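Nothing in this text is a laboratory measurement; each read-out follows from the coordinates by a stated rule. Keep in mind it's a predicted model, so treat the numbers as computed, not measured. So basically every Cβ, Gly included, is an ideal-geometry build from the backbone, and we count neighbours across all protein chains shown.
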Amino acid sequence: MQTTATSAFPTRNTVIPFGPQHPVLPEPLQLRLVLEDERVVEALPAIGYCHRGLEKIAEKKDFIQNVYLVERICGICSFMHSLTYCQGIEELMKVDVPSRAKHLRVVWAELHRMHSHLLFLGLVSDAFGFENLFMQLWRVREHILEIMEKTAGARIMLSVCSIGGVRRDLDDGQMAEVLRVLDRVEHELEEILPTLMNDYSVRQRLCGVGLLSPDKAHDLGAVGPTARASGIPMDHRQTGYAAYGDLGGVTPVTETAGDCYARIMIRVRELHQSAEFVRKAIQKIPAGPIAVPVKGNPDGEVLVRMEQPRGELIFYIKGNGTRNLERFRARTPTFANLPALLHMLPGCQLADVPVIILSIDPCISCTER
Amino acid sequence: MFTLIGNIVRCLFRKPVTRLYPVEVKPAVAGCRGQLHIRIEECIFCGACQRRCPANAITVGKQPKSWTLDPYRCIVCGYCVEVCPKKCLVMRPEHFKP
């Protein structure tokens, strides 16, 4: 902690380095908080603590190996990264993915969204001091991780998405089990979520905290639940990629308050929306092959966008006709949400900073790649 | 205000959700990618697995013939299992023990 009296801050302000090691931060992010008493005047970010150079490594590996590499950009929504990458390469190589594979991709993508949202809700509960709720939510999340292990062979790093389709199929028994698990998860959430939504202490900590107006959300380029909580109906699943187009389309879940409570409610409501998508995908899944063989090498460039649990994910892929890519670039949702976060913090109390930071569900390893 | 009371009472009388690892180990799930295993007598040392491995975890020697896996580098993706021409690589569900 240091006290400054610079020209930018004429009164004597306190600067607190929030992070990179902090109990509420699962990953290393530093925010230098300029405080006037307990009130935040300004937040200055410092990132770069877990940069791994994955974009450069992607130029060294061949384009098929990169499926497993990009999956490791994030340790939470890994399937979304491999799906986005595969869709980009398939677009470049004009591969027509079988419909069954597209439906299976939706099943795993939405299961991933559910576990990511439950992880977030648990972490944010812990951040505002409701440890019991944190444990309850993570217990429910475990059911989803177990069904992913049974269907895909791993809990988080599924490695089931491949260029041209998917690597594993689900038989009728496995699909029935996925549906059983979803029913169980929703049944258990019925008991837990009312506490998160209606509890007096929870609302006191979240309502009206970290406000982001719709105009500011738009101007600062906020994406995903952060934008939707401010009333912007933006969800890239509306474009109908994978099998979303065949499943009746997507209506974005929106709130209007733009505070931490609204951002949490978006995730709560999206849990049910995702469960519904899994059910629809399993109901409508057609018979047929799960992958098509892919020949040749990617040539040309493509910009592919997808809706991750945290928002819009963009991959830029440039191939040059060889097995190695010429350039690979990832723009992750947390990177887009950081300016919005820096706008939310000034004016808030120091005690609210952890909750506001967590309300955008920051994924720093995604951001820094 | 008391929405979690029923849950708390039930938790008092049921066994813990967590396990006392490593005393109690979770049973391996069928089909899970736990660790890579080779039936070395069937291997022709073609090196396809080494070339495809995204993590450079496999080393194949032609003279003398050898096949080595670095378990700490292996990301258990199963790509090598798919490309093996003799199908002598298998993914076992039990996880690698440190």
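Quick notes
- Gyration tensor (alpha-carbon) shape descriptor, the range A:159-232, a/c threshold 1.5: oblate
- 17 Å Cα-Cα reach of B:LYS97 towards aspartates and glutamates, excluding residues that sit fewer than 8 places from it in its own chain: B:GLU24, B:ASP70
- Shielding by partners for peptide A:60-69, expressed as the average number of C-beta atoms from other protein chains within 10 Å of each residue's C-beta, is 3.
- Listed residues A:GLU255, A:GLU59, A:GLU38, most fluctuating in chain A (Gaussian network, C-alpha, under 10 Å): A:GLU38
- Magnitude of the charge dipole, the protein assembly as shown, Cβ model with Lys/Arg +1 and Asp/Glu -1, debye to 20: 1580 debye
- The range B:27-33 - phi-based ³J(HN,Hα) in whole Hz, Karplus 6.51/-1.76/1.60, Gly and Pro as x: x, 5, 8, 4, x, 6, 8
- Whichever lysines have a C-alpha closer than 27 Å to that of B:LYS62, once near sequence neighbours (fewer than 8 apart) are set aside: A:LYS60, A:LYS61, B:LYS86, B:LYS87
- Cα point-scatterer Debye curve for the protein assembly as shown, base-10 log of I(q)/I(0) at q = 0.07, 0.09, 0.12 Å⁻¹: -0.39, -0.65, -1.12
- Across the range A:175-248, Cα pairs under 8 Å and at least six residues apart give a relative contact order of 14 percent.
- The fraction of all Cα pairs in the range B:18-98 landing in successive 10 Å bins from 0 to the largest distance is 17, 47, 24, 10, 2, given as whole percents.
- Relative contact order (%) - criterion: Cα under 8 Å, at least six apart; region: the range A:54-368: 26 percent
- Electrostatic tally near A:GLY347: other residues with Cβ closer than 11 Å to its Cβ, Lys and Arg +1, Asp and Glu -1, net -2.
- Note on A:153-159: average number of Cβ atoms from other chains within 10 Å of each residue's Cβ is 5.
- Difference of contour (0.36 nm per residue) and Cα-Cα distance, B:LYS62 to B:PHE2: 14.7 nm
- Straight Cα distances below 15 angstrom link A:LYS150 to the aspartates and glutamates A:GLU142, A:ASP169, A:ASP171, A:ASP172, A:GLU177, B:GLU94, with same-chain residues fewer than 8 positions distant left out.
- Between B:THR68, B:THR18, B:THR59, the residue with the greatest mean-square fluctuation in the GNM of chain B (Cα pairs under 10 Å linked by springs) is B:THR18.
- Amide N proximity, the range A:83-119 versus A:ARG184 label position 7 Å along Cα-to-Cβ, cut-off under 16 Å: A:115
- A:GLN136 sits among other residues whose Cβ lies under 13 Å from its own Cβ, and their net charge, with Lys and Arg +1 and Asp and Glu -1, is -4.
- Measuring between alpha carbons in the structure, the pairs from A:LYS216/A:LYS318; A:LYS102/A:LYS295; A:LYS56/A:LYS102 lying more than 22 angstrom apart are A:LYS216/A:LYS318; A:LYS56/A:LYS102.
- Each of A:ILE47, A:GLY296, A:HIS272 was placed along the dipole of the protein assembly as shown (beta-carbon charges, centred on the mean Cα), and the one lying farthest toward the positive end is A:GLY296.
- GNM flexibility winner over chain A from A:ALA46, A:ALA275, A:ALA101 (Cα, springs under 10 Å): A:ALA46
- Average Cα contact separation per residue, the range A:241-369, under 8 Å, 6 or more apart, as relative contact order %: 18 percent
- Environment charge at B:CYS84 (Cβ cut-off 11 Å; Lys +1, Arg +1, Asp -1, Glu -1): +2
- The H on the amide N of A:ARG32, modeled in the peptide plane, is under 5 Å from the matching H of A:PHE18, A:LEU44, A:ALA46, each at least 5 residues off or on a different chain.
- Extent along principal axes [Cα atoms of the range A:216-362; Å; largest to smallest]: 57, 40, 22
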